[in-house]
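Read-outs throughout are calculated quantities, based only on the coordinates presented, and are distinct from any laboratory measurement. Since the model is a prediction, treat every value here as computed from it, not as a measurement. Note that each Cβ is placed from the backbone with ideal geometry, even for glycine, and that neighbours are counted across all protein chains shown.
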Amino acid sequence: MTISQLDSAIKHYKVTLTAIEQSRESPSSEIILCVLMARDAVQEALTTVDVSHRQEEKLIALLQLDNRLKKQAGMITGIVSLADWRASFHPPQNAWWWFLEAPIHHLDRFDWLWNALTVTSLTASLSLVVDISSRFMSGGLNFFGSFAVISQSVLMLLTTGGVLTEAGRKGIEEILSQLGIKKYLWQEVKLGLSVVLLFSLMGFRASLPQIAAYFNEQGLDHYLDGNWSSAQSDYELALALNPDNAKAHYNLGRLYENLEELDKARTQYWLAAQGDLDAGYNKLARLSIKSKKYSEAASLLFQGLELVSEEDKETRYALWKNLGWAQLKQKRYADAESSLTEAISLDQTRASAHCLLAQALEGKDIPKKALLEWEICLRYADRNYPEEYDWIKQARQRLDNQKK
């Protein structure tokens, strides 16, 4: 090969390199390939030209062109995969232009930190996925629960795979490249994705009490409709999502009581009471009365009265009525009269307090007042309630005896 051929190769190399440098937009892969092949031609000319005929100024010019090419390394490697090209063209190891690497950006110095934070974030996300999924599964999966478990698991797998696995990294890096995101920002973007996943899961985890409240309300609707099996499933799911939901404990306890599973009912009422639910204290005390643990019942009822609001007249009535009932069983008739009178002041049309007050007045040996209360008891009593059914019988006996 002659000197003129070397000159021609260097000139062509210069032209193609200038085309890349002056390109207003990102140069095409064809132009980049032309530059590399032009440099191949220069190298071939250098190896075939007689050393004695080499001219120093041409070598200086070639060095300058090579420096210009190296400055384009970041742009070139951001457009094409030289590794794939090397696999196709098999250039020699000393053909450095086929092994160009992007210069290290100053932000890349922190990639170790971003990678560590990414792994930490994904680890935290995984623990949240396990926690949330286990809650839904322990409460019994329905359509909503299945969707929640599957969707967050798939999202976790996609994010983790895109960050930690080789195939996933290539896939996500190809997407980032197509979006025009600079390579030196890729680790930061991956960290951002892992952080978005983490905060999404944290937000979902924080919303579990609201989701639990929804299932508790749905369970109550099923309970009122007589669909107790569905109601129990809803209550159990609500408690799996939020074990501190006192209302769900209370509702599940009421369901167990209706099913005559009193030990389970007592446990749920106790948990409701631990959540400072006044109605939980009332129901728990009522079971204690039926178990003839009157002092225990009175203590629970006083605690409930400290919690109940003035606006909640129904619960206040029940607490005062049951307190009067416990005091009546303790033969503390004056205290029972006071408590039951307080209950009647809240609702005069309910039979229970009147029936119990009649018994308290009999204990105080005030038969005329007792008969008046028996009359009211009989007027409002509902035979569908076991206690009131018994009191209806007592009221009739007392009133029949009075007539005689």
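A few notes on this one:
- Applying a 4.7 Å Cβ-Cβ cutoff to the chain, the cysteines left without a disulfide-compatible partner are 34.
- Between segment 254-281 and segment 14-29, the alpha-carbon centres lie 79 Å apart.
- Between segment 310-365 and segment 59-126, the alpha-carbon center distance in angstrom: 85 Å
- When the chain is treated as a Gaussian network with alpha carbon springs shorter than 10 Å, the biggest mean-square fluctuation among 110, 215, 204 belongs to 110.
- Comparing 47, 349, 123 in a Gaussian network model of the chain where C-alpha atoms under 10 Å apart are linked, the largest mean-square fluctuation is found at 47.
- Restricting the chymotrypsin sites (Phe, Trp or Tyr not before Pro) of segment 363-404 to loop positions (DSSP other than H, G, I, E, B) with no more than 10 neighbouring Cβ atoms within 10 Å leaves nothing.
- Exposure proxy ranking, count of Cβ atoms within 10 Å, fewest first, for 58, 313: 313, 58
- Listed residue pairs exceeding 31 Å between alpha carbons, taken from 283/331; 247/331; 58/182; 313/369; 292/368: 247/331; 58/182
- Across the chain, the longest piece that holds none of the GluC sites (Glu not before Pro) lying in DSSP loops with up to 14 other C-beta atoms within 10 Å covers 102-259.
- Across 121, 200, 291, mean-square fluctuation computed from a Gaussian network of the chain (C-alpha pairs under 10 Å connected) peaks at 291.
- Evaluated with a Cβ-only charge set (Lys, Arg +1; Asp, Glu -1), segment 276-403 carries a dipole of roughly 700 debye about its Cα centre, given to the nearest 20.
- Estimated FRET transfer efficiency (residue 67, residue 206; beta-carbon r; R0 45 Å; 0.05): 0.20
- The chain - mean residue ellipticity at 222 nm from DSSP helices (-39,500 (n - 2.57) per run, n ≥ 4, rounded to 500): -25500 deg cm²/dmol
- The charge dipole of the chain, taken about its Cα centre with unit charges on the Cβ of Lys, Arg, Asp and Glu (plus for the first two, minus for the last two), comes to roughly 880 debye.
- All-pairs alpha carbon distance profile, segment 276-403, 5 Å steps from 0, percent: 2, 13, 21, 24, 21, 12, 5, 2, 0, 0
- Candidate values (i) 28.9; (ii) 22.5; (iii) 21.7, label of the one derived for Kirkwood radius over Cα pairs in Å: (i)
- For the chain, the longest principal axis of the alpha carbon atoms and the long axis of helix 333-346 meet at an angle near 60°.
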